[in-house]
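Heads up, the thing below is written out as structure tokens.
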Amino acid sequence: MPEQSDFPEYLNVDYDAGDGEEPADYPGIEDKIEKAIEVTRQGLEEYENPVVMWTGGKDSTLTLYFIKEVAEKFDLEVPPAVFIDHFQHFDDLHDFVDKWAEEWDLDVIYARNEDVGNYVEENDLTPGDDIPVDELSEHNQHHIRDLLEYEEDTFPFLLDTYVGNHLLKTVALNDALEEYDVDGVISGVRWDEQEARADETFFSPRHDPDIYPPHDRVQPILQFAEPDVWEAFWHFVVPETVEGYPDDGYVPQADDDLPGDLTKEDIPVSPKYFAGFRSLGSEVSTDKSAEEPAWLQDMANTTERAGRAQDKEDLMERLRDLGYM
């Protein structure tokens, strides 16, 4: 594992690229796509052992699309996808990831906090049940006591809490990065998604070995706002990856409004978006935002993450300091 001082030496990336910018600095969809391709190509070329974060959601799937397109065009390797399995996903999200991993011939690394998962399974716990801290491994207890400074004897088995989110997502991710010696994490975060992400740059260093395995975050779609993501899907991603879809794109008005004999199962868009969800979190804490599909909702006057229980900027900032996306 490279030390903090020598990690960046073999790279030639600009950590200030994108500093002070916002989606409006890339006014057209072509401008946004051009930048995404540029950042993606540099990420695939510069890093020796990159991965791409894939949640099955729209942003990470769009990022994965750019990776596939850039890799094919410039004869580069498609890196493994890391899927954080926090044990509280919607079942059909797992189905979506499994289907498109096979369809696109992806190597998927399933990052799990097996220690927590095993305790949950052995004790037949359901979300909300308490987990005793002293029943977990020294590794997890170190995170709970020393990093989070959590003093209670138990914590709830819930994703959308400080301890639960950190153990089930951040620890699982960081352990996978260390196991696979990852130097670059390509992710689909956006400036407009949350205040905690508004100051991100296209290449963002995470080099403190006391917090996480040293690596960089490569973020090709920072410049996309939520409507831009859907425009890219219906006019670029879907037409270019689904046989029989109109070349110039088509925006479906419902889950049964697709060209020809296509169904939503044929489209690389999670069925939860067709069902009215705009952001995909855990099964127990995420609700649909409206009845119509996500891309038809009032994105200008409503909050993208309104359907999720965890929507606290201070909590997100603390989690990101510990290595969360």
How do ASP14, ASP210, ASP257 rank by accessible surface area computed with a 1.4 Å probe, from largest to smallest? ASP210, ASP14, ASP257
Rounded, prolate or oblate: which one fits region 165-311, using the alpha carbon gyration tensor with axes a ≥ b ≥ c (rounded when a/c is under 1.5, else prolate when a/b beats b/c, else oblate)? prolate
Ranked by accessible surface with a 1.4 Å probe, highest first, in what order do TYR212, TYR162, TYR10 come? TYR10, TYR162, TYR212
Stick to Cα atoms and the Kirkwood definition of Rh, then tell me Rg/Rh for the chain. 0.95
What order do you get for 111-122, 293-304 when each peptide is scored by the mean count of other beta carbon atoms within 10 Å, highest first? 111-122, 293-304
Once you order the gyration tensor axes a ≥ b ≥ c over the Cα atoms, which shape class does region 81-187 get: rounded for a/c under 1.5, otherwise prolate or oblate by comparing a/b with b/c? oblate
Just the number, please: percent antiparallel of the DSSP beta bridges in the chain, rounded to the nearest 5. 40 percent
Rg in Å to one decimal, and Dmax rounded to a whole Å, for region 251-305 via C-alpha atoms: 11.7, 36
For ILE186, the residues 5 or more places away or on another chain with a placed amide H closer than 5 Å to its own amide H are VAL51, VAL52, MET53, VAL218
Tell me the net charge near THR241. Cut-off is 11 Å between Cβ atoms, THR241 excluded, with +1 for each Lys or Arg and -1 for each Asp or Glu. -4
Please label the shape of region 33-102 as rounded, prolate or oblate, based on the square roots a ≥ b ≥ c of the eigenvalues of the alpha-carbon gyration tensor (a/c under 1.5 means rounded; beyond that, a/b larger than b/c means prolate, else oblate). prolate
Per-residue accessible area, 1.4 Å probe, largest first, puts PHE74, PHE90 in the order PHE74, PHE90
Add +1 for every Lys or Arg and -1 for every Asp or Glu among the other residues with Cβ under 12 Å from the Cβ of LEU177, and state the total. -4
Apply the Karplus parameterisation 6.51 cos²θ - 1.76 cosθ + 1.60, with θ equal to phi minus 60°, to every residue of region 121-127 and state each ³J(HN,Hα) to the nearest whole Hz, in sequence, with x for glycine and proline. 5, 5, 9, 6, 7, 10, x
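The values are calculated or read from the model by the stated rules, or taken from the named source; none is laboratory data. Note that the coordinates shown come from a computational prediction; the quantities given were computed from them, not determined experimentally. All Cβ positions, glycine included, derive from the backbone under ideal geometry; neighbour counts span all protein chains shown. These accessible areas exclude ligands, DNA and RNA; they are computed on the full protein's heavy atoms, side chains included. Shrake-Rupley method; radii C 1.70, N 1.55, O 1.52, S 1.80 Å.
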